[in-house]
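Novice: Have a look at this one before I ask anything.
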Amino acid sequence: MKEFQLCGLGNALVDIFVNVDDQQFAGLGFDRGSMRLVEVPEQKTLLEQFHSSEPRLVSGGSVANSTIAFSQLGGDAAFVGCVGDDRYGLFYASEFEDLKIDIGSPVIVQETTGTCLCLITPDAERTMRTCLAVSSHLAAKHVDEERIKKSEWLFVEGYIFANPETGQTAIREAIRIAKKHGVKVALTCSDAFVINVFGEPFREALKQADLLFANETEAAALTGTPDVPTAFARLKEMVPSCVVTNGPHGAFIRHKGKEAHVNAYPCEPRDLTGAGDMFAGSFLYGITHDVPIEKAGRAACYMAMKVITQVGARLHHGTKQAWEHALATN
């Protein structure tokens with residue numbers, strides 16, 4: 001048995017949650033509910049404005065969130081990403097240590113940690129400014145062979161394809177190591193723009209993958225068909241196993257020659273961020289712990305429902321209990 005069941009490869013970002021009133025928000029001149037990438041100087045200026053409001057910090061990033069969910073459910077996990085030696089990077093490293101996720105030495109001296117500032121207005125809307133900073137420097141030299149070798153699965157974040165000179169080299173190196181040591185490869189699209197802009201390197205990686213996670217728009221971008229069942233069928237030609245999530249309509253799953261469609265759990269969402277990350281982390285936990293695919297998929301839908309009915313991309317307590325409840329009742 002390997003030391004880790006999962007090793008994530010992704011952008012390491014610290015989510016910074018700040019509650020603002022309508023007057024404060026109006027003074028910023030932002031479009032409500034927007035998400036924009038910003039450079040380090042702009043983000044630093046922004047963060048200084050909210051220094052006294054005691055923001056809530058949460059370690060994140062897409063595949064990082066999945067890896068955290070996997071660990072909270074009881075899985076043994078590792079993660080490969082980059083943070084700086086500032087307060088946010090040290091927070092990230094210490095939180096992963098508390099979560100018992102092996103991240104080796106991700107701190108890069110004299111660099112700025114990637115952050116996502118989430119401004120929450122009284123109407124519960126979230127407006128985000130994301131600064132990738134050193135997280136986008138992830139390159140082949142940061143890929144640790146030992147950690148991947150000791151894992152059953154490597155889980156690769158699609159957003160990393162958006163950095164052709166560094167990120168794509170990291171992905172190629174990680175997949176090369178995985179293949180060398182018989183480690184299975186899971187890939188998440190992350191966003192349809194990754195397929196639309198970086199489709200060629202993504203499809204090259206997909207040829208070597210064992211499992212793909214995509215939502216309906218990402219599956220449409222990959223297959224050229226907007227119809228989810230048709231897209232799911234076409235993906236059979238591209239990758240052995242896949243999951244296509246379809247929001248309130250549940251998910252289509254193919255794994256180890258078996259197929260299933262699972263229903264979503266009806267709910268009133270408060271914040272859709274993190275639904276896909278939680279689904280992927282939960283489903284990977286299920287299939288690495290001998291849960292049949294239909295039960296794993298249905299339980300993953302339940303976990304995604306739990307995430308979107310609260311604010312924030314991950315659960316902070318009761319994760320294992322929620323999973324056990326889902327398994328017992330589906």
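Novice: PHE70: surrounded by 13 or more Cβ atoms within 10 Å (Cβ to Cβ), of a type in the set (A, V, I, L, M, F, W, C) and more than 15 Å from ASP277 (Cβ to Cβ), yes or no?
Specialist: It is false that PHE70 is surrounded by 13 or more Cβ atoms within 10 Å (Cβ to Cβ), of a type in the set (A, V, I, L, M, F, W, C) and more than 15 Å from ASP277 (Cβ to Cβ).
Novice: Right, something else. How many residues are part of a loop (DSSP other than H, G, I, E, B) and either more than 21 Å from GLY60 (Cβ to Cβ) or among the polar types (S, T, N, Q) (or both) when one looks only at segment 168-191?
Specialist: Going through segment 168-191 one residue at a time, the tally reaches 4.
Novice: Would you confirm, using the coordinates I've provided, whether ASP85 is charged (D, E, K, R), under 29 Å from ALA214 (Cβ atoms) and surrounded by fewer than 24 Cβ atoms within 10 Å (Cβ to Cβ)?
Specialist: So ASP85 does not fit the description; no.
Novice: Continuing with the same structure: Looking at this structure, is ALA221 of a type in the set (A, V, I, L, M, F, W, C), in contact with a helix residue (DSSP H, G or I) (Cβ under 6 Å, 6 or more places away or on another chain) and assigned to a helix (DSSP H, G or I)? Walk me through how you get there before you give the answer.
Specialist: Values: of a type in the set (A, V, I, L, M, F, W, C): yes; in contact with a helix residue (DSSP H, G or I) (Cβ under 6 Å, 6 or more places away or on another chain): yes; assigned to a helix (DSSP H, G or I): yes.
So ALA221 fits the description; yes.
Novice: Inside segment 109-135, can you point out the residues that are surrounded by fewer than 19 Cβ atoms within 10 Å (Cβ to Cβ) and in contact with a helix residue (DSSP H, G or I) (Cβ under 7 Å, 6 or more places away or on another chain)?
Specialist: GLU111, THR121, PRO122
Novice: When you go through PHE283, PHE279 one by one, which is the residue that is touching a Ser or Thr at 6+ places or on another chain (Cβ under 8 Å), assigned to a helix (DSSP H, G or I) and crowded, with 24+ Cβ neighbours inside 10 Å?
Specialist: Numbers: PHE283 fails: touching a Ser or Thr at 6+ places or on another chain (Cβ under 8 Å).
Sole residue among the options that is touching a Ser or Thr at 6+ places or on another chain (Cβ under 8 Å), assigned to a helix (DSSP H, G or I) and crowded, with 24+ Cβ neighbours inside 10 Å: PHE279.
Novice: Would you mind stating whether SER136 is in a helix (DSSP H, G or I), out of contact with any strand residue (DSSP E or B) (no Cβ under 6 Å at 6 or more places or on another chain), closer than 21 Å to LEU47 by Cβ and touching a residue at least 24 places away in the same chain (Cβ under 8 Å)?
Specialist: Considered against the rule, which asks whether it is in a helix (DSSP H, G or I), out of contact with any strand residue (DSSP E or B) (no Cβ under 6 Å at 6 or more places or on another chain), closer than 21 Å to LEU47 by Cβ and touching a residue at least 24 places away in the same chain (Cβ under 8 Å), SER136 comes out as yes.
Novice: When only residues in segment 241-264 that are in a loop (DSSP other than H, G, I, E, B) and under 21 Å from the mean Cα position of the chain (by Cα) count, which is nearest to THR127 (Cα to Cα)?
Specialist: ASN246
Novice: Restricting to segment 70-89, count the residues that are assigned to a helix (DSSP H, G or I) and either at pLDDT 95 or above or in contact with a strand residue (DSSP E or B) (Cβ under 6 Å, 6 or more places away or on another chain) (or both).
Specialist: 5
Novice: Would you check if GLU165 is farther than 21 Å from SER241 by Cβ, assigned to a loop (DSSP other than H, G, I, E, B), out of contact with any Asp or Glu (no Cβ under 8 Å at 6 or more places or on another chain) and of a type in the set (Asp, Glu)?
Specialist: Taking the combined requirement at face value, the residue satisfies it.
Novice: Consider GLY104 against the criteria (1) over 22 Å from PHE193 (Cβ atoms); (2) touching a residue at least 40 places away in the same chain (Cβ under 8 Å); (3) touching a helix residue (DSSP H, G or I) at 6+ places or on another chain (Cβ under 8 Å); (4) crowded, with 18+ Cβ neighbours inside 10 Å: it satisfies all of them except one. Which criterion is unmet?
Specialist: Of everything listed in (1) over 22 Å from PHE193 (Cβ atoms); (2) touching a residue at least 40 places away in the same chain (Cβ under 8 Å); (3) touching a helix residue (DSSP H, G or I) at 6+ places or on another chain (Cβ under 8 Å); (4) crowded, with 18+ Cβ neighbours inside 10 Å, GLY104 misses just condition (4).
Novice: Still on this structure: Could you tell me which residue of segment 216-231 is nearest to GLU204 (Cα to Cα), considering only residues that are among the charged types (D, E, K, R) and out of contact with any Asp or Glu (no Cβ under 8 Å at 6 or more places or on another chain)?
Specialist: GLU216
The values are calculated or read from the model by the stated rules, or taken from the named source; none is laboratory data. From a predicted model like this one, the values you see are computed outputs, not experimental measurements. Virtual Cβ from ideal backbone geometry, glycine too; neighbours counted across all protein chains shown.
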